[in-house]
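Please treat every number below as a calculation from the coordinates, not as lab data. The model shown is predicted, which means the values in this text are computed figures rather than measured ones. Ideal geometry is used to build each Cβ from the backbone, glycine not excepted, and the neighbour counts take in all protein chains shown.
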Amino acid sequence: MENNLHLKNYTEILIDEAIEKLWSEMEDICKCQRCYYDTKAIALNHLPSKYTVTTKGEVYTKINNFRNQIQVDVMKEVMKAIMTVSEHCSHNPEEAVKY
């Protein structure tokens, strides 16, 4: 069996990129690791998974082909998730990390 194969959910990669982009444009939200994972989990639960098996170098080539099909939905769901997490933060306000 090939040892350089990877199982990857492309939706997860797109969500990571969307969170990074939207967070860079927003100032009044917590950007701690807990809020990041809460945002990511909410968005992942509202979008279809797109798993594929690739060799290590294929991941970013394939994601570029997939990106245009789902990017609008990903951005919409990530924005909704950011707002949900911001309104219902899982930690005390004193623990918020804004940068």
Seminar exercise, completed: Here the gain from full extension of Ile70 to Glu25, 0.36 nm per residue of separation minus their alpha-carbon distance, amounts to 14.1 nm
Exercise. What's the FRET efficiency of Ser86 with Ser49 using the Cβ-Cβ distance as r and R₀ = 41 Å, to the nearest 0.05?
Worked result: 0.95
For this session: Can you tell me the FRET efficiency between Arg34 and Asn9 if r is taken as the Cβ-Cβ distance and R0 is 30 Å, rounded to the nearest 0.05?
Result: 0.90
For this session: Report the charge-dipole magnitude of region 15-59 in Debye, nearest 20, computed about the Cα centre from +1 at each Lys and Arg Cβ and -1 at each Asp and Glu Cβ.
Result: 240
